[in-house]
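Please read the structure below before turning to the comments.
The values are calculated or read from the model by the stated rules, or taken from the named source; none is laboratory data. Bear in mind that the values here come from a model prediction, so they are computed numbers and not experimental data. All Cβ positions, even for glycine, are placed from backbone atoms using ideal geometry, and neighbour counts span all protein chains on display.
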Amino acid sequence: MSTSYQTVTLKRGKQESLERFHPWVFSGALANVPASVEEGDVVKVVTAEGRVVGVGHYQIGSIAVRILDFADTEIDAAFFRSRLTRAYALRQTLGLRRPDNDTFRLVHGEGDFLPGLVIDIYGDTAVMQAHSPGMHFARDIIARELTEIDGLGVKNVFYKSETTLPYKADLDPVDDYIIGGANVSCVSTENSLRFNIDWLRGQKTGFFVDQRDNRALLQKYARGRRVLNMFCYTGGFSVYALRGDAELVHSVDSSAKAISLTDANVELNFGKDCPRHKSFAEDAFKFLDRMDDGAYDLIVLDPPAFAKHRSAIRNALRGYQRLNAAAIQKAAPGTVLFTFSCSQAVSREQFRLAVFSAAAQTGRRVRILHQLTQPADHPVNIYHPEGEYLKGLVLYIE
Ligand code: SAH
């Protein structure tokens, strides 16, 4: 049976990437979009010869269609249930829902065959983010299906798309609960550590779930070290370092709100006024500039995305170089440095080159101990390499 969705037609020969399951149709590949097609509609994509390649969400912009399925499939509640069930099955394979861990990403867009959708789980609350008008229109169905997945245990669904939907689409989304919202616990657990998650006002869905494995690795290096957690946000790395018996941990973020989140999370795990922890609401570059040589021997640099778009890559690379050079220069001999880039537009090679340039600038002896990436609950669809965004290097500085 075929669906009754409106049809958009590809230019001759433009189906190649779709035949290799790449889920985006660029506007330049389309020969014809009927005037009646509206932003957020589900459309059927056909070749110039009239063969159906798939169905997806239509959007005005350079990515015109995000393919939901490479077949003529009805996009209804059953479709979302099946996708969400598959997503949860993977997280069960990964062992992420445990008594000591209830914080994980359930849906990572294209990586879970749901382009334009992100869902993070915090205990019994799901925080859902739409990046496309199509997902925005489907939010109620998705929220309902989420609460019905066996074993997932979602009771509240918070929708948070005020900053992620295309501004021009004029959708005026409101950040609010779609389901539940009464007596919600905002404390969730990651590897036995507890975190206050502020999905109402926080960045992204309230927490950087993507650093879980890297924080656990940092803990292993922490014993007896003097730790600087730069760009600490909710203090994730700080809390793991304290658990790893760091001698002291200094957390720095330019946002006073982030500092109070960090302090609250340290208190939640280690009690009030933890003597090993101190936080500073200060600009990273100013802090690095005034800090003493050799003050730290375990350093984390996890800045916000310096390049949000391709056009900003050059400046971003300069920013990474400057930041890393400042840290490497003052690192104590024997320092372990965790340095990251979450800019999707910056490639792994470009980032490594920026860090190389930083090291060369200081003249220190630097070796790479680990090459880090995003965790398995942020899977990369092999046909959509753009889904890989987090890059990290762990360096040993002599
Ligand atoms: N490492 C964190 C995530 C970092 S998000 C984690 O594991 O959760 C980036 C943080 O950098 C934000 O909290 C933001 O407030 C902070 N930030 C942005 N620009 C900054 C600057 N110039 N100096 C210090 N902090 C900055």
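Quick one: R243 ticks every box in (1) touching a residue at least 60 places away in the same chain (Cβ under 8 Å); (2) farther than 25 Å from T164 by Cβ; (3) surrounded by fewer than 19 Cβ atoms within 10 Å (Cβ to Cβ) except a single one, so which number is it?
(1)
For residues that are among the basic types (K, R) and over 21 Å from the mean Cα position of the chain (by Cα), scanning just region 55-106, find the one that is nearest to V118 (Cα to Cα).
R81
Residues that are assigned to a helix (DSSP H, G or I), without any contact (Cβ under 8 Å) to a residue 40 or more places away in the chain, touching a Leu at 6+ places or on another chain (Cβ under 9 Å) and more than 12 Å from the ligand (Cβ to nearest atom): does region 288-297 have at least one? Steps first, please.
The initial filter retains those residues of region 288-297 that are assigned to a helix (DSSP H, G or I), namely 288-290.
In the following step, the residues that additionally are without any contact (Cβ under 8 Å) to a residue 40 or more places away in the chain were identified as 289-290.
After this cut, where a residue has to be touching a Leu at 6+ places or on another chain (Cβ under 9 Å) as well, the list is none.
The answer is no, given that none of the residues of region 288-297 is assigned to a helix (DSSP H, G or I), without any contact (Cβ under 8 Å) to a residue 40 or more places away in the chain, touching a Leu at 6+ places or on another chain (Cβ under 9 Å) and more than 12 Å from the ligand (Cβ to nearest atom).
Would you mention how many residues in region 213-237 are in a helix (DSSP H, G or I) and within 9 Å of the ligand (Cβ to nearest atom)?
Within region 213-237, residues that are in a helix (DSSP H, G or I) and within 9 Å of the ligand (Cβ to nearest atom) number 4.
Can we say S255 is among the polar types (S, T, N, Q) and either near the ligand (Cβ under 9 Å from one of its atoms) or under 21 Å from the mean Cα position of the chain (by Cα) (or both)?
So S255 passes the test.
With the requirement that a residue be among the aliphatic types (A, V, I, L, M) and touching a Phe, Trp or Tyr at 6+ places or on another chain (Cβ under 6 Å), what does region 335-374 give you?
V336, A354, L369
Could you please find all residues in region 306-334 being surrounded by 12 or more Cβ atoms within 10 Å (Cβ to Cβ), under 24 Å from the mean Cα position of the chain (by Cα) and either of a type outside the set (K, R) or within 15 Å of Y396 (Cβ to Cβ) (or both)?
F306, A307, A312, I313, A316, L317, G319, Y320, Q321, L323, N324
Kindly provide the set of residues from region 238-252 that are of a type in the set (S, T, Y) and either within 9 Å of the ligand (Cβ to nearest atom) or within 18 Å of V209 (Cα to Cα) (or both), ordered by number.
Our first condition is that a residue be of a type in the set (S, T, Y); within region 238-252, this holds for 238, 240, 251.
Correct list: S238, Y240.
If you check D297, D302, D377, D292, which single one turns out to be in contact with a helix residue (DSSP H, G or I) (Cβ under 8 Å, 6 or more places away or on another chain) and over 27 Å from Q203 (Cβ atoms)?
It is D292.
Consider I313 against the criteria (1) away from the ligand (no atom under 14 Å from the Cβ); (2) modelled with pLDDT of 95 or more; (3) touching a helix residue (DSSP H, G or I) at 6+ places or on another chain (Cβ under 9 Å): it satisfies all of them except one. Which criterion is unmet?
The single condition I313 does not satisfy is (2).
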